Amino acid sequence: MKTILLVDDEPKILQLARDYLTRANFSVLTAHDGKTALATARVAKPDLIVLDLGLPDGDGLDVTRALRKESDVPIIMLTARGEEADKLIGLEIGADDYITKPFSPKELVARVRVVLRRFDAAHETARAEIIRAADVTLDVPRLRATVNGRAVELTATEFHLLATLAREPGRIFTRAQLLDAARGVAFESYERAIDAHIKNLRRKIEPNPREPRYLLMVYGVGYKFADE
């Protein structure tokens, strides 16, 4: 049974989400603020965290940053914020998906399942695959990435996107194809999330993110890994 940590300061939302996830055969933990969320995550090590961005003791984005320094646990942001910029910032710092309030609890359950499937698939060790493209080496079973011999910490989503591009240098992938490769859920503006993940990947692997050497945009189409 997978364990989900719900973080929200609204008791009604916590109870509703908890009820639906429990019925879907998940074990559910709850926290009302960021400090409790971090402490619970460190002790209980949940399989996924649903995290509200508006918390009484600070910003959920700060909690996301703290979690990403310690773990690659999947994170779904839960927010009442309507600005797309807030959502993209969350994705850039390591969140895997987002849901905007008010939300359907059935949709939440569906999103949780999809993100967990994506995460589990990325961690499969069934076949020992090593991808090498330019100075980038990816150990797929272990989700380990190195650039010029330097270890780079990537989230599962970032790793899967980079692996998709690096397997076929020079091939142009549309954002929709990359979404499919990352096993994402198509919803309003979500293709923009690919831009956020690419931006984050460039920050981590490029010598100069402003002048990328590996991850190149093909305007009007999508992205490709540079031809070798």
- Query: Which numbered condition trips up residue 122, out of (1) modelled with pLDDT of 85 or more; (2) under 16 Å from the mean Cα position of the chain (by Cα); (3) more than 21 Å from residue 28 (Cα to Cα)?
  - Reply: (1)
- Message: All but one of (1) of a type outside the set (Asp, Glu); (2) at pLDDT below 85; (3) touching a Ser or Thr at 6+ places or on another chain (Cβ under 9 Å); (4) outside any loop (DSSP other than H, G, I, E, B) hold for residue 81; state the number of the condition that does not hold.
- Response: (4)
- Identify the residue in the range 36-86 that is touching a residue at least 40 places away in the same chain (Cβ under 8 Å) and of a type in the set (A, V, I, L, M) and, among all such residues, is farthest from residue 8 (Cα to Cα). 44
- Note on the structure: Cβ pairs under 9 Å, 6+ apart or interchain, first in the range 160-179 and in contact (Cβ under 8 Å) with a residue 40 or more places away in the chain and in the same structural domain as residue 141 (by TED's automatic domain parsing), second part of a helix (DSSP H, G or I) and small (Gly, Ala, Ser), ordered by first then second residue, are 160/121; 160/122; 160/181; 161/181; 165/181; 173/181; 175/193
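Looking at the structure I just gave you, is residue 91 assigned to a strand (DSSP E or B), not assigned by TED's automatic domain parsing to the domain that holds residue 204 and not small (Gly, Ala, Ser)?
On the way: assigned to a strand (DSSP E or B): no; not assigned by TED's automatic domain parsing to the domain that holds residue 204: yes; not small (Gly, Ala, Ser): yes.
The answer is no for residue 91.
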- Name the single residue, out of those in the range 19-35 being modelled with pLDDT of 95 or more and assigned to a helix (DSSP H, G or I), that is nearest to residue 62 (Cα to Cα). 21
- Task: Working only within the range 191-214, note down all residues that are in contact with an Asp or Glu (Cβ under 7 Å, 6 or more places away or on another chain) and either among the hydrophobic types (A, V, I, L, M, F, W, C) or farther than 23 Å from residue 87 by Cα (or both).
- Result: 196, 201, 212, 213, 214
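The values are calculated or read from the model by the stated rules, or taken from the named source; none is laboratory data. Predicted model only: the values in this text are computed from it and were never measured. Backbone-built Cβ (ideal geometry, glycine too); neighbour counts: all protein chains shown.
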